[in-house]
Structures are given as structure tokens and as C-alpha cells.
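To keep things clear, I will list the structure first and then write my remarks on it.
Values in this text are rule-based calculations from the coordinates and carry no lab data. Owing to the predicted nature of the structure, the values given are computational and were not obtained by experimental measurement. Every residue, glycine among them, receives a Cβ derived from its backbone with ideal geometry; neighbour counts consider all protein chains shown.
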Amino acid sequence: MDQIIREKIREVKKGDQAAFSDVVEFYQHKIYQHCYRMLGNAHEAEDMAQEAFIRAYINIDSFDDGRKFSTWLYRIATNLTIDRIRKRKPDYFLDAEIKGTEGLDMYSQLASTDISPSDKVEGIELQRYIHQEISELPPKYRSIIILRYIEEFSLQEISEILDIPLGTVKTRIHRGREALRKRLRHV
Amino acid sequence: MNAHSESIALMHKYLDGDLNKTEEQQLQGHLEGCEDCQAHLRELRRTIALLQSTEHIEAPVNFADKVMNHLPKEKKRMKYKR
């Protein structure tokens, strides 16, 4: 797949916009999920994920072909979500709660597994609880926890995505795990 | 650093696959006699398992089309080439 993406990027760089749609198709769910976990709600996630792809397209000439495209794309998305979190108005959360049904729809759309209906409700509650606890971590820990345990990047890859030293990634993942342990220990 | 905080630091190294042989024995030795630290490690492992159990979330339908519709206009030279 890496090879196909590399080829598509080359075409985009030559000015072929249509080639970019394959790139979007391939990464859309990953990048959307990343934004959703970072921001905690569907509305902002869609905005920021869309913005990430647009910025990637506009700045494609500055992407170094020798590097991994996914790393570069995740970096753009992470930076956008962290900026968004910083710029949030204090009353934002009130609005988000009123519009909160979006999240409900999202969970009801999730693929069903073969567990009983009552188990499933608990599953949804648990999913929502975990999601909530992730959303409340400070962003610098949140990004690393999401990249490591939901998106399954290695610590080295995370260091490249976030452009911070490996040692810093390790310190932050330790703190992130401890913070979540305290929040999730009674689940 | 006391024995517990040292042991917790080792747990995190363990979770990141960074323990050497000596440290592994040190952690093992401490855990055998310390129920608090056993519980701590159990909670850390469970936290990770919970994170890994989160459902994968998909982008909304038409997401890709919306992105493509928001891109700036294609450079002209490419259109001639096709």
C-alpha cells in the first residue's frame, strides 16, 4: 500500500488532483477517528479531518518523498486538533452537549457484534465512558495515548509524527497511562 | 525514589518493552512481595486493554467527496495534459 500511496503523491505533486481522492479514500477513516478521539465530538472532528486533507493537498510540495506520508498527515491532523482545543471558547462544551445527539448516532451506527442486546448497551456505555476519559486527558498526553493504543503506532513513529524526542514520548506515555489508570480503575 | 515508585517506573519501561534483564529481575522480585504494586500493574494492563477495545470509528458518508469539493482549483497545465 505504501508504494501505491507514494505513486499517488507523485501524481498529485505533478498537479493531478484526481489522484488525491485515492489518498483521501485510503486515509479518511483513520484521520477522522484520530480527530474524533482528540476532539471528543463528531462535528469538530469532521471539520478538522477535512481541514487536514486540504492542508496536506495545498502543502504537498513541502512533503519530503523520502518520508512516510501517513506520518506527515497525522502530524498535520494532530496540530490542527491541538490548535482547535486551544482556541475553544469556554462555553463551547455547553453547545456541544446540546448537539450531543451526533455522538449517539455515531455509536448506534457502529458495527454490531454477536453479544446480547443488554450486553451491547453496557458495551456502548463503556465505550462512551472510555471515550470521555480519553477526551479529558491534557492534549499532550491524549495525542500519544491515542496514537499508541488506538492507532497502534510504535513509540518511534509517534516521536516522528509529533516531532518530539523519543524520551519525551516515553515520559508522556507513562504519565498518560497513570492518569487513565486512575480514571478507569473502577470500571 | 522509594521501592514502590521505582517499581512503577520499571512497570512503564516493561510496558514499553524497554526492560533489561537486571531490571526485569528487580521488578519481578519487588512484585512477588508487594500486593499494591501487583494491583498497580494489573490496573495499568487493564487500562491498556480498555483503550485497545475501543470501537473503530468511521468518517461520515460523503466525507471524501466533501474534501475533494473543497480543494482549490486544479492547476491548469494538468488539464491540457489529459
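For each of B:21, A:68, count neighbouring Cβ atoms within 10 Å of the residue's Cβ, then give the residues from fewest to most.
Ranking B:21, A:68 by Cβ neighbours within 10 Å, fewest first, gives B:21, A:68.
Grab the Cα-Cα distance for residue A:6 and residue A:140, subtract it from 0.36 nm times how many residues apart they are, and report the gain in nm with one decimal.
Working: separation 134, 0.36 × 134 = 48.24 nm, distance 2.97 nm.
45.3 nm is the gain from fully extending residue A:6 to residue A:140.
Going through the cross-link list A:87/A:182; A:182/B:13; A:30/B:21; A:30/A:87, which pairs have a Cα-Cα distance over 26 Å in this structure?
Numbers: A:87/A:182 28 Å; A:182/B:13 19 Å; A:30/B:21 37 Å; A:30/A:87 24 Å.
The pairs that break the limit, which is 26 Å between Cα atoms, are A:87/A:182; A:30/B:21.
Ordered by packing density, taken as the mean number of other Cβ atoms within 10 Å over each peptide's residues, highest first, how do A:173-180, A:11-18 rank? Write down the numbers at each step before the final one.
Numbers: A:173-180: 21.0, A:11-18: 15.4.
Result, highest mean first: A:173-180, A:11-18.
What is the gain in length, in nm to one decimal, between residue A:25 and residue A:182 on full extension, counting 0.36 nm per residue of separation less the C-alpha to C-alpha distance?
Numbers: separation 157, 0.36 × 157 = 56.52 nm, distance 3.77 nm.
Separation in residues times 0.36 nm, less the Cα-Cα distance, equals 52.7 nm.
How far apart, in nm, are two points set 7 Å out from the Cα along the Cα-to-Cβ line at residue B:4 and at residue A:75?
Label-label distance for residue B:4 and residue A:75, simple model: 4.1 nm.
Angle between the Cα long axis of helix B:21-33 and the longest principal axis of chain B, 0 to 90 degrees, nearest 10?
Taking the Cα atoms of chain B, the angle to B:21-33 is about 60 degrees.
As I understand it, the value is the acute angle between the Cα axis of helix B:3-15 and the longest principal axis of the Cα atoms of chain B; what does it come to in degrees, rounded to 10?
The angle comes out at about 40 degrees.
Using θ = phi - 60° and the Karplus curve 6.51 cos²θ - 1.76 cosθ + 1.60, what whole-Hz ³J(HN,Hα) does each residue of region A:49-63 get, with Gly and Pro shown as x?
Whole-Hz 3J(HN,Hα) from phi for region A:49-63: 5, 4, 4, 4, 5, 5, 5, 4, 5, 4, 9, 4, 5, 8, 7.
Would you mind checking A:68/B:66; A:13/B:73; A:140/A:170 for any pair whose Cα atoms are more than 19 angstrom apart? Before the final figure, lay out each step's value.
Numbers: A:68/B:66 25 Å; A:13/B:73 14 Å; A:140/A:170 12 Å.
From A:68/B:66; A:13/B:73; A:140/A:170, over 19 Å: A:68/B:66.
Quick one: if you stick a label point 7 Å off each Cα along the C-beta vector at residue A:171 and residue B:22, how many nm between them?
2.4 nm
Relative to the Cα centre, what is the charge dipole magnitude of region A:1-100, using +1 at the beta carbon of each Lys and Arg, -1 at the beta carbon of each Asp and Glu, and rounding to the nearest 20 debye? Kindly include the intermediate steps, with their values, before the conclusion.
Working: 17 positive and 17 negative charges, 69 e Å.
Approximately 340 debye in magnitude.
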